[in-house]
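**Student:** Below: one structure in structure tokens.
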Amino acid sequence: MNFKESVSYLYGLGHEILAMKLGLETIRLLAESCGNPHLEFNAVHIAGTNGKGSTAAFTDSILRAAGIRSGLYTSPHLDSITERIMIGGKGISPDDFARLATLVREMGEGLVSDGVLQFPPTFFEQITMIAYLFFAEQGIDLAVLEVGMGGRLDATNICRPVVTAITPVGMDHQQYLGDTLAKIAAEKGGIIKRGVPIVIAPQKEEALEVILARARELEAPAILSGNNCRAVPVQSSDIFDRGKYRITCQSGGLKIESKLNLRGRHQILNACTAIRISEELAGSGWPISPDAVSSGLSSVEWPGRLEMITLSDDKAPILLDGAHNIDGAGVLREFLDDHFHDTPVTLLFGAMADKDVDAMCGVLFPAAIRIITTKVSNPRAESSEKLSTLAANSQAEIFRTESVTEAISLGLKITPPTGLICISGSLYLVGEAKRFLDQSKENYN
């Protein structure tokens, strides 16, 4: 298969979430047929509801600053599927992706034809195996793996971790992971391995008790993060510095100072978690210095998460943030209240119907004076009509659109240069928006 054919084949397996099958039997059989590539490198394995992607990005950036050849596996992607599999900050090439996707497809179909499996491996299982194969053949030193969903039964959970981490656990994907925080935390805690250190970000008590109990059961040293850092906002007139923080962290007897390159108060905790991960790695012999930690934190990039862009001086700046669940919506609202409370905000909103959309709208809509609802090009997307109905109780001016491109064009038209356009509600929405905005930039430059 060429790249286009491989992407078409993978999407033909069914939607990443809707067609998902939690469980490790298939991924283990697939891995065995592919030569168990996941056993050829060590890993940092990161689970959680919110912040796991940012923490993974921070950790990978620190490793690269330390001169460690690292691989980064995350999901979902914003624009190209190749963004999910990165080495040295660069995505897998389309040719390599297509080559490995063809191999994984052949192995999966062989398992079916041999009667070992009833159905081919899922979209996420095959993408995960492509990442494992690529990392193995490229000879990376260490992989940073973000769990797709949950942890215990996630396809990434056959890896060989030297450190695991769990970022804040919240209510999300209840239909798959459980209807209480304790049940969800138990699924996340399924990544804990016997004797392997587990770094735990600040948690609600119900979740923390479950995670710590699992760590004790497996004699995994538990390291609590987030209580050893001090942060102050960056003082700058540059709009691109709004929401950035300088941190000072006393860790392992060493002092680390850095300006975080990711926006938002919540990134302080994600950075602290990455610092503690790095500390555990350094204690195990990985060559990570305080300077490398500081450099990695200040140079990290993580698109679509409180990302600021401008098209031209006569157009309002645009803030892109996935905020795909109630906790994420709360973080975005906090950011807007802290840094854009005196700015007229146009909120461009689209979300997935299987999320707690009512609650997300309740958090975000009061922050805007204009609300543009839209429908994301995704089978799980909520209708713009339903979103407009939810906006009816707000004090904002409401506009309804049926496509992301229509919504952005309208937002640019009705928002003054002194305002802010905030695009949020789903990472799928942000991905669509970035593709359109990248094309639009050419018209403004």
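The values are calculated or read from the model by the stated rules, or taken from the named source; none is laboratory data. These numbers come from a predicted model, not from an experiment. Cβ: placed from backbone, ideal geometry, glycine included. Neighbour counts: every protein chain shown.
**Student:** More than 17 Å from MET308 (Cβ to Cβ), among the aliphatic types (A, V, I, L, M) and without any contact (Cβ under 8 Å) to a residue 12 or more places away in the chain - does that describe any residue in the range 335-358?
**Tutor:** Taking every residue of the range 335-358 in turn, none turns out to be more than 17 Å from MET308 (Cβ to Cβ), among the aliphatic types (A, V, I, L, M) and without any contact (Cβ under 8 Å) to a residue 12 or more places away in the chain.
**Student:** Let me ask something else. Got at least one residue in the range 223-242 being within 21 Å of GLU187 (Cβ to Cβ) and not polar (S, T, N, Q)?
**Tutor:** Within the range 223-242, one or more residues are within 21 Å of GLU187 (Cβ to Cβ) and not polar (S, T, N, Q).
**Student:** Pick from the range 59-88 the residues that are surrounded by fewer than 16 Cβ atoms within 10 Å (Cβ to Cβ) and touching a residue at least 60 places away in the same chain (Cβ under 8 Å): which of them is nearest to TYR9 (Cα to Cα)?
**Tutor:** ASP79
**Student:** Please find, among ARG152, ARG194, the residue that is closer than 18 Å to SER75 by Cβ and either basic (Lys, Arg) or outside the structural domain of ALA215 (by TED's automatic domain parsing) (or both).
**Tutor:** ARG152
**Student:** Here is a further query. Taking the range 110-139 as the region of interest, how many residues are surrounded by fewer than 19 Cβ atoms within 10 Å (Cβ to Cβ) and part of a loop (DSSP other than H, G, I, E, B)?
**Tutor:** 8
**Student:** Now for a different question. If you check LEU153 against the conditions, is it modelled with pLDDT of 95 or more and crowded, with 18+ Cβ neighbours inside 10 Å?
**Tutor:** For LEU153, the condition - modelled with pLDDT of 95 or more and crowded, with 18+ Cβ neighbours inside 10 Å - is not met.
**Student:** Looking only at the range 205-236, count every residue that is charged (D, E, K, R), on the phi < 0 side of the Ramachandran plot and in contact with a Gly (Cβ under 8 Å, 6 or more places away or on another chain) and tell me the total.
**Tutor:** Of the residues in the range 205-236, 1 are charged (D, E, K, R), on the phi < 0 side of the Ramachandran plot and in contact with a Gly (Cβ under 8 Å, 6 or more places away or on another chain).
**Student:** Please state which of the following conditions PHE119 fails to meet, knowing it meets all the rest: (1) more than 30 Å from ILE288 (Cα to Cα); (2) modelled with pLDDT of 95 or more.
**Tutor:** Of everything listed in (1) more than 30 Å from ILE288 (Cα to Cα); (2) modelled with pLDDT of 95 or more, PHE119 misses just condition (2).
**Student:** So, one more: Checking the condition of a type outside the set (Gly, Ala, Ser), assigned by TED's automatic domain parsing to the domain that holds VAL196 and at pLDDT below 95, which residue from LEU63, LEU39, LEU78, LEU72 passes?
**Tutor:** LEU78
**Student:** Then there's this: Does at least one position in the range 225-245 carry a residue that is closer than 20 Å to GLU146 by Cβ, modelled with pLDDT under 95 and under 23 Å from the mean Cα position of the chain (by Cα)?
**Tutor:** So far as the range 225-245 goes, yes, one or more of its residues are closer than 20 Å to GLU146 by Cβ, modelled with pLDDT under 95 and under 23 Å from the mean Cα position of the chain (by Cα).
**Student:** Now a separate question. Consider PRO290 against the criteria (1) over 30 Å from ILE414 (Cα atoms); (2) touching a helix residue (DSSP H, G or I) at 6+ places or on another chain (Cβ under 7 Å): it satisfies all of them except one. Which criterion is unmet?
**Tutor:** Every condition holds for PRO290 apart from (2).
**Student:** For the range 89-106, name all the residues that are without any contact (Cβ under 8 Å) to a residue 60 or more places away in the chain and of a type in the set (A, V, I, L, M).
**Tutor:** ILE92, LEU100, listed by residue number.
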